[in-house]
Amino acid sequence: MYDLIIAGGGPAGVAAGVYAARKKMKTLVVTDSFGGQSLVSADIQNWIGTKNISGFELAQNLEGHLRAQEGIEILNDKVVEVFKSEGGSFRVGVKGGKNFETKAFLICSGSRRRRLGIPGEDRLDGKGVAFCSTCDAPIFSGKMVAVVGGGNAGLEAAVDLLPYATKIYLLEKMGFLRGDAVTEERLRADSKINIMTEVESVEVMGDNFVSGLKYRDLKTGEEKNLSVEGLFVEIGSVPNSDFVKDLVELNKFGEIVADPRTQASSVSGIWAVGDVSDGLYKQNNIAAGDAVKAVLNIQEYLNKF
């Protein structure tokens, strides 16, 4: 019987693991990778205390910090089911087939990339359609590329593409961009960037490789084609909450509803932190801080268990 099982190895999961170890909780961290979505970021400049760091380096640092904690147990696997047991504990099942019992369960499972859901996207995935600019930007050297998404992810993808692409179209459905003002200012000053707002992607064109993107001008309703050889989809994420969808309360986006004071879910003994929760801001620093908050609340819970 564990005091606490933590699902996830991003900033939230690691922060929780470090604090749980320091509180002498018998803790198991279940994760198939470290770093979360930031793993693919080339240059992170807002991780407090570090001027800049790559996502890969951040992941290494997180893993190293967690493994340095005395008594912590780490399982390279993925939580796939959770059941409430008699007496208030939980049975946690992992992909590898094993089951574990715990008094408290903290979900830091993050999220995955959201898709456009338009014709051609799945068919041309890996053939010009991409979801990771850090991974795939060099492939599009000397080519014209479209980036769909005007949030931070879309803006950062456009920045990643600047050294490679000859032309970058940045498409946003809203009438304005939603990312950091500093990054937006940088992009608007670059002649390679063409920012297009109030447009909606309709279809990815191409036979064996992307050859264009059909979009709709939302102001006029007219459909037009962009001649591009690459498409980066950066429209947010989907919370990895499927394994508890029948156990805890979710909002309409599939995020776990959590008390902002404690991160407790609707079920006593389960907490949720980071991108998988309904927290207003999806940031590494906030996720880590909220994870610490959750563990401190979990300690109070365990004292009464």
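The values are calculated or read from the model by the stated rules, or taken from the named source; none is laboratory data. Just so we're clear, the structure is a prediction, and the values are computed from it rather than from any experiment. Please note: Cβ atoms are built from the backbone with ideal geometry, for glycine as well, and neighbour counts cover all protein chains shown.
In this entry, L280 is excluded by the filter for residues that are under 28 Å from L116 (Cβ atoms), buried (at least 20 other Cβ atoms within 10 Å of the Cβ) and free of Cβ contacts under 8 Å to residues at least 40 places away in the same chain.
Of the residues in the stretch 2-15, not one is modelled with pLDDT of 95 or more, surrounded by fewer than 19 Cβ atoms within 10 Å (Cβ to Cβ), under 30 Å from D180 (Cβ atoms) and touching a helix residue (DSSP H, G or I) at 6+ places or on another chain (Cβ under 9 Å). Scan the stretch 185-210 for residues that are outside any strand (DSSP E or B) and in contact (Cβ under 8 Å) with a residue 12 or more places away in the chain and jot them down. Those that are outside any strand (DSSP E or B) and in contact (Cβ under 8 Å) with a residue 12 or more places away in the chain: R186, L187, D190, K192, E198, N208, F209. Annotation: of all residues in the stretch 200-222 being closer than 12 Å to A146 by Cα and among the β-branched types (V, I, T), the one that is surrounded by the fewest Cβ atoms within 10 Å (Cβ to Cβ) is V210. Within the stretch 146-155, identify whether any single residue is assigned to a loop (DSSP other than H, G, I, E, B), touching a strand residue (DSSP E or B) at 6+ places or on another chain (Cβ under 9 Å) and in contact (Cβ under 8 Å) with a residue 60 or more places away in the chain, and answer yes or no. Yes, the stretch 146-155 has at least one match. Restricting attention to the stretch 86-122, the residues being touching a residue at least 40 places away in the same chain (Cβ under 8 Å), in a loop (DSSP other than H, G, I, E, B) and closer than 30 Å to Y215 by Cα number 7.
Picking from residues in the stretch 1-38 that are among the β-branched types (V, I, T) and in a helix (DSSP H, G or I), the one that is nearest to A288 (Cα to Cα) is V14. Considering the stretch 162-184 alone, what residues qualify as being of a type in the set (D, E) and in a loop (DSSP other than H, G, I, E, B)? If the condition is that a residue be of a type in the set (D, E) and in a loop (DSSP other than H, G, I, E, B), then D180 is the only one that fits. Taking the stretch 80-95 as the range and being over 15 Å from V248 (Cα atoms) and surrounded by 12 or more Cβ atoms within 10 Å (Cβ to Cβ) as the test, the residues that pass are G93, V94, K95. Of all residues in the stretch 227-238, none satisfies being crowded, with 24+ Cβ neighbours inside 10 Å, among the polar types (S, T, N, Q) and touching a helix residue (DSSP H, G or I) at 6+ places or on another chain (Cβ under 8 Å).
Annotation for the stretch 258-273: no member residue is farther than 30 Å from K143 by Cβ, at pLDDT below 95 and either in the same structural domain as L296 (by TED's automatic domain parsing) or surrounded by fewer than 15 Cβ atoms within 10 Å (Cβ to Cβ) (or both).
Scan the stretch 58-72 and give yes if some residue there is part of a strand (DSSP E or B), surrounded by 15 or more Cβ atoms within 10 Å (Cβ to Cβ) and within 21 Å of the chain's Cα centre (by Cα), otherwise no.
Initial filter on the stretch 58-72 (part of a strand (DSSP E or B)): none.
No.
On the given criteria, is Y164 touching a Pro at 6+ places or on another chain (Cβ under 9 Å), in contact (Cβ under 8 Å) with a residue 24 or more places away in the chain and not acidic (D, E)? Before the answer, list the steps.
Details: touching a Pro at 6+ places or on another chain (Cβ under 9 Å): yes; in contact (Cβ under 8 Å) with a residue 24 or more places away in the chain: yes; not acidic (D, E): yes.
It is true that Y164 is touching a Pro at 6+ places or on another chain (Cβ under 9 Å), in contact (Cβ under 8 Å) with a residue 24 or more places away in the chain and not acidic (D, E).
Consider K219 carefully, then state whether it is farther than 16 Å from A130 by Cα and not in a strand (DSSP E or B). Explain how you work it out, then say what you get.
Details: farther than 16 Å from A130 by Cα: yes; not in a strand (DSSP E or B): yes.
Against the criterion (farther than 16 Å from A130 by Cα and not in a strand (DSSP E or B)), K219 qualifies.
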